[in-house]
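Asker: The structure is given below, and queries will be raised subsequently.
The values are calculated or read from the model by the stated rules, or taken from the named source; none is laboratory data. These numbers were taken from a predicted model, which means no experiment stands behind them. A quick note on method: Cβ atoms are made from the backbone with ideal geometry, for glycine too, and the neighbour counts reach across all protein chains shown. Note: accessible area is taken over every heavy atom of the protein model, side chains too, but ligands, DNA and RNA are not part of it. Shrake-Rupley method; radii C 1.70, N 1.55, O 1.52, S 1.80 Å.
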Amino acid sequence: MKPRHFLTLQDLSKHEFLHLIHRGIEFKKNRHNHQQPLQHMTLAMIFEKSSTRTRVSFEAGMTQLGGHAIFLSSKDTQLGRGEPVEDSARVISSMVDGVMIRTHSHDMLTRFASYASVPVINALTDSYHPCQLLADMQTYVEYRSEIKGKTVTWVGDGNNMCHSYINAAKILDFNLRITCPKGYEPDPSIVSNAGDRIEIVRDPQQACVDADLVTTDVWASMGQEQEQHERVNAFKDYQVTASVMANAKQDALFMHCLPAHRGEEVAADVIDGHQSVVWDQAENRLHAQKALLEFLFAEKT
Ligand code: CP
Ligand code: NVA
């Protein structure tokens with residue numbers, strides 16, 4: 001039987017997505033009362049890009065669920081020396097119960113998954129970051145109970161996070177306004193797949209009017225470091241400032257997947273201000289991914 005992978009949010013039904021949100025909330029409430037459904041299970045974590053939150057949350061999550069995680073940097077494995085992805089997938093997955101991958105190309109992830117005999121989790125590619133959306137949606141539900149029908153404004157680059165917000169809007173049925181400079185739009189095929197819930201609004205002030213949630217991300221993602229200078233110029237009018245936030249609903253929340261660059265995509269008084277929920281959002285990576293690990297591994301045994 002083919003293993004169940006988590007490569008994009010589209011691998012989940014709406015019911016499953018909502019189940020993960022609610023299990024994440026339960027895991028958070030019962031954080032000191034650990035059930036250990038993943039005893040003797042091992043997660044291999046392949047990182048071809050840097051990470052703080054993703055590494056710590058998956059590793060701590062596996063430990064708390066009774067299992068174990070192995071950190072594999074591409075610098076130290078044969079993958080990094082050119083061993084084929086297909087061969088690596090067959091070998092690594094023959095020894096562990098699941099594989100988490102953070103890499104550049106989404107194609108590498110899907111090739112790995114198609115040769116793996118155990119579930120593969122996308123921990124960020126250039127195209128998507130679905131694990132972050134599990135945490136973001138859990139955070140919204142914790143603060144405001146339901147996301148369905150709400151308006152979310154994405155400010156900035158049409159990047160991997162933006163693509164995962166588009167997928168989440170389709171599955172959970174919220175409206176997503178994307179405000180970005182010309183030339184930095186999300187992939188049109190991902191936008192069109194989500195139907196009329198997605199709107200591109202050039203003016204960031206306008207895009208935030210009556211928003212329930214305003215969210216942003218860095219202007220230059222990992223792998224785009226050489227474009228930093230030109231991106232700072234292109235995005236200079238797309239900073240989430242207090243004046244931009246003032247257009248949103250009074251009780252609007254602010255989110256950022258982190259790491260953040262204060263003074264670039266977000267002003268310090270916004271990310272450190274009263275509407276910001278970024279610390280809960282970051283912590284929820286742990287709880288949301290424990291729900292995901294349980295869903296993919298424990299329920300299949
Ligand atoms: N948000 C996020 O994925 O953070 P890291 O890059 O630190 O894992
Ligand atoms: N868009 C960012 C997200 C980091 C968590 C990046 O890919 O670098």
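Asker: Could you please report the charge total around residue 58, scoring K, R as +1 and D, E as -1 over all other residues with beta-carbon less than 11 angstrom from its beta-carbon? If you can, show how the numbers build up before the last one.
Answerer: Values: positive: 53, 55, 102, 285, 290; negative: 59.
Result for the local shell: +4.
Asker: By how many degrees, between 0 and 90 and to the nearest 10, does the Cα long axis of helix 106-115 differ from the longest principal axis of the chain?
Answerer: Approximately 20 degrees, to the nearest 10.
Asker: Among 123-130, 173-180, 189-196, 105-112, how do they line up from the highest to the lowest mean number of other beta-carbon atoms within 10 Å? The partial results should precede the final answer.
Answerer: Working: 123-130: 24.5, 173-180: 21.4, 189-196: 12.9, 105-112: 18.4.
Taking the mean over residues of other Cβ atoms within 10 Å, the ranking is 123-130, 173-180, 105-112, 189-196.
Asker: For the stretch 101-208, give the percent of accessible area contributed by carbon and sulfur heavy atoms, probe 1.4 Å, rounded to a whole number.
Answerer: Reported share for carbon and sulfur atoms: 46 percent.
Asker: Modelling each spin label as a point 7 Å along the Cα-to-Cβ direction, I'd like the residue 241/residue 4 distance in nm, to one decimal.
Answerer: 4.8 nm
Asker: Per-residue ellipticity at 222 nm for the chain, helices alone: DSSP H runs ≥ 4 residues times -39500 (n - 2.57), over residue total, nearest 500 deg cm²/dmol? Display every interim value, and only then the final one.
Answerer: Details: 12 runs with 119 residues, N = 301.
Per the formula, -11500 deg cm²/dmol.
Asker: Count of lysine pairs in the chain with Cα atoms under 18 Å apart, counting only pairs 8 or more residues apart in sequence or on different chains?
Answerer: 13
Asker: A follow-up question, please. Put a dot 7 Å past each Cα toward the Cβ at residue 251 and residue 107; how far apart are the dots in nm?
Answerer: If labels sit at residue 107 and residue 251, their model points lie 4.8 nm apart.
Asker: Still on this structure: Arrange the peptides 29-35, 181-187 so that the one whose residues have, on average, the most other Cβ atoms within 10 Å appears first.
Answerer: Peptide ranking by packing, descending: 181-187, 29-35.
Asker: Further question on the same structure: Quick check on the stretch 44-103: take the gyration tensor over C-alpha atoms, sort the square-rooted eigenvalues as a ≥ b ≥ c, and tell me if it's rounded (a/c under 1.5), prolate or oblate. Each step should come with its number before you reach the end.
Answerer: Numbers: a/c = 2.81, a/b = 1.41, b/c = 1.99.
Because a/c hits 1.5 or more and a/b fails to exceed b/c, the stretch 44-103 counts as oblate.
Asker: OK, next. Expressed in nm to one decimal, what extension gain is obtained for the pair residue 60 and residue 75 from 0.36 nm per residue of sequence separation less their Cα-Cα distance?
Answerer: Between residue 60 and residue 75, full extension yields 3.2 nm more.
Asker: Let me ask another. Counting Lys and Arg as +1 and Asp and Glu as -1, each charge on the Cβ, what is the dipole of the chain about the Cα centre in debye, to the nearest 20?
Answerer: Computed charge dipole of the chain: roughly 680 debye.
Asker: Shape of the stretch 152-301 from its Cα gyration tensor (a ≥ b ≥ c, root eigenvalues): rounded if a/c is under 1.5, otherwise prolate when a/b > b/c, or oblate?
Answerer: Here the stretch 152-301 falls in the rounded category.
Asker: Separate question: By how many degrees, between 0 and 90 and to the nearest 10, does the Cα long axis of helix 160-172 differ from the longest principal axis of the chain?
Answerer: Helix 160-172 sits at roughly 90 degrees to that axis.
Asker: Work out, step by step, the length gained on full extension between residue 52 and residue 187: first 0.36 nm times the residue separation, then minus their alpha carbon distance; give nm to one decimal. Mind showing how you got there, number by number?
Answerer: On the way: separation 135, 0.36 × 135 = 48.60 nm, distance 2.70 nm.
Between residue 52 and residue 187, full extension yields an extra 45.9 nm.
Asker: Of 197, 102, which has the most accessible area with a 1.4 Å probe, and how do the rest follow in descending order?
Answerer: If we order 197, 102 from most to least accessible, we get 197, 102.
Asker: Over the chain, what is the mean sequence separation of C-alpha contacts under 8 Å (at least six apart), divided by residue count, expressed as relative contact order in percent? The partial results should precede the final answer.
Answerer: Numbers: 589 pairs, mean separation 61.7, N = 301.
Reported relative contact order: 21 percent.
Asker: Could you work out how far apart the two model spin labels at residue 19 and residue 232 are, taking each label as a point 7 Å from the Cα in the direction of the beta carbon, and quote it in nm?
Answerer: 4.8 nm
Asker: If contacts are Cα pairs under 8 angstrom and at least 6 residues apart, what is the relative contact order of the stretch 193-301 in percent?
Answerer: Details: 117 pairs, mean separation 30.0, N = 109.
28 percent.
Asker: Beyond 31 Å, what percent of the Cα pairs of the chain remain?
Answerer: 27 percent
Asker: Which net charge results for the neighbourhood of residue 203, defined as the other residues with beta-carbon distances under 11 angstrom from its beta-carbon, given Lys and Arg at +1 and Asp and Glu at -1? Working shown, then result.
Answerer: Details: positive: 177, 202; negative: 237.
Neighbourhood net charge equals +1.
Asker: Near residue 26, within a Cβ-to-Cβ distance under 12 Å, what is the net charge of the other residues, with Lys and Arg +1 and Asp and Glu -1?
Answerer: +3
Asker: Same structure, new question: For the stretch 66-178, list log₁₀ I(q)/I(0) at each q in 0.16, 0.19 Å⁻¹, using the Debye formula over Cα point scatterers of equal strength and ignoring solvent, two decimals each.
Answerer: For the stretch 66-178 at q = 0.16, 0.19 Å⁻¹, log10 I(q)/I(0) is -0.82, -0.99.
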